[in-house]
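The values are calculated or read from the model by the stated rules, or taken from the named source; none is laboratory data. No experiment lies behind these values; they were computed from the predicted model shown. We place every Cβ from the backbone using ideal geometry, glycine too, and count neighbours over all the protein chains shown.
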Amino acid sequence: MNSVTTSRISKIFTASILAVTFLRPPGLLGQLSCNSITQQTSIGTAWDCTFPPFCIADYDSFPDRAATYRQPITELQLALQIWDIATGQVGQQNPKDLPGAILNGLNIRFLVDGLGTRNTRVTTISDAVYVDATGSPYRQRELLFTDAYVGTFKGILLTPPTQVGVPANYPVVLALHGHGDTAETYRDTYFGTEYPKNGLGILILTLRAMDPWLGEHIPWEQLIRNGFNLMGMRVYEALIGLKYLSCNPEVKRLGLIGHSGGSSTGNLVVRVTPYPVAAYVSDYQIDYAKLDAPEPYHCETIPRIYPYHVAINNFATVQGVPIYSVPYGYTGVSQNILDFFAKNLNH
């Protein structure tokens, strides 16, 4: 075990518009799930999270909100879990029910089981048509998602512009960004506005407390010491995004894409989602131990998921979902990704 790992282990010890419900026919899900989505419009409202890496209050409150499902451990127990991984004492498992093992390892089964009937409020805070650098128009909606357990987070939905009298009907890809990014930086860095040009929509979520150099380890420890974990929060928020899209009558089929830490999340989401993802793109895999990184512990350090990482990273076992593994950062394959989604989501 190297000195970085030893140092990291030692830190364990020291360290208002009227709301309306969907009245149109449901999209890809049944009426029961879609009745739990409340939509409202409040143009000009600002998200109260001004700097997402520091927006940790909802995660700090989560153990109290989910007190029934807490599985608390001590600092010593956590340190021993990490020590066992670092010293090769934890073997790999390939459970028959891998999705179930992931849900249990993340301790989010109760969140996923209740998502279809738990209220999700979606507030549209901006809605406009823009023109990209090539003169191609796209529609951009900024959305706030509010959930009783994880609070409020933001998403940006880019779609082809609608035409008067023509019902909107297009596939939409849910995008999960990497560490240090936001929905805006992902849109601008990873060809977000190219999706509408190719007949696709893309919903990009802003994930909070996703910068280990700025304090991600604080909610990480608060959650993991209570039997939860930060990656579980990210998976659940992704499922909220998929729920919204599944119930949106504009949406024809669903895709999923991740980058870096977003792929670490997406590699779990694609296995546990109750919503019909029809194509997935990933540029990263992880062992869910992350013990050789110089920063404090972050969302990819999950001792309870580590025993399954070989099985999770074997995409051949994901049945019925075409998966495209691409170079990190999508280097040189941007149009290939768009073509992959167009092929698999438009039939």
Inset, instruction - Would you kindly identify the helices (runs of 4 or more DSSP H) lying entirely within the stretch 141-225 that contain at least 3 residues that are within 17 Å of His298 (Cβ to Cβ)? - result: 217-224
Legend entry - Meets criteria (at pLDDT below 95 and touching a helix residue (DSSP H, G or I) at 6+ places or on another chain (Cβ under 9 Å)) for Leu32: no
Inset, instruction - Just name the residue that is modelled with the lowest pLDDT out of those in the stretch 280-298 that are among the acidic types (Asp, Glu) and in contact with a Pro (Cβ under 9 Å, 6 or more places away or on another chain). - result: Glu295
Inset, instruction - Scan the stretch 196-240 for residues that are among the small types (Gly, Ala, Ser), out of contact with any strand residue (DSSP E or B) (no Cβ under 9 Å at 6 or more places or on another chain) and under 28 Å from Gly255 (Cβ atoms) and report the count. - result: 2
Legend entry - Residue among Thr189, Thr193 that alone is polar (S, T, N, Q), touching a strand residue (DSSP E or B) at 6+ places or on another chain (Cβ under 9 Å), surrounded by fewer than 24 Cβ atoms within 10 Å (Cβ to Cβ) and farther than 22 Å from Tyr275 by Cβ: Thr193
Legend entry - Candidates Ile125, Ile43, Ile73, filtered to the one that is in contact with a strand residue (DSSP E or B) (Cβ under 8 Å, 6 or more places away or on another chain) and part of a loop (DSSP other than H, G, I, E, B): Ile43
Legend entry - Whichever residue in the stretch 260-291 is among the aliphatic types (A, V, I, L, M) and part of a loop (DSSP other than H, G, I, E, B) and, among such residues, is nearest to Val235 (Cα to Cα): Ile286
Legend entry - All positions within the stretch 267-320 that are within 17 Å of the chain's Cα centre (by Cα) and basic (Lys, Arg): Arg271
Inset, instruction - Would you mind telling me which numbered condition in (1) touching a strand residue (DSSP E or B) at 6+ places or on another chain (Cβ under 8 Å); (2) of a type in the set (D, E, K, R); (3) closer than 30 Å to Val318 by Cα; (4) not in a loop (DSSP other than H, G, I, E, B) Arg118 fails? - result: (4)
Inset, instruction - With the condition kept exactly as written, say whether any residue in the stretch 86-107 is more than 15 Å from Gly227 (Cα to Cα), in contact with a Pro (Cβ under 9 Å, 6 or more places away or on another chain) and surrounded by 18 or more Cβ atoms within 10 Å (Cβ to Cβ). - result: no
Legend entry - Among residues of the stretch 128-151, those that are in contact with a strand residue (DSSP E or B) (Cβ under 8 Å, 6 or more places away or on another chain) and of a type in the set (Val, Ile, Thr), counted: 3
Legend entry - Among residues of the stretch 302-344, those that are at pLDDT 95 or above, out of contact with any Gly (no Cβ under 8 Å at 6 or more places or on another chain) and either surrounded by 14 or more Cβ atoms within 10 Å (Cβ to Cβ) or not in a loop (DSSP other than H, G, I, E, B) (or both), counted: 26
Legend entry - Which listed residue, of Tyr306, Tyr324, Tyr288, is of a type in the set (Phe, Trp, Tyr) and in contact with a strand residue (DSSP E or B) (Cβ under 7 Å, 6 or more places away or on another chain): Tyr324
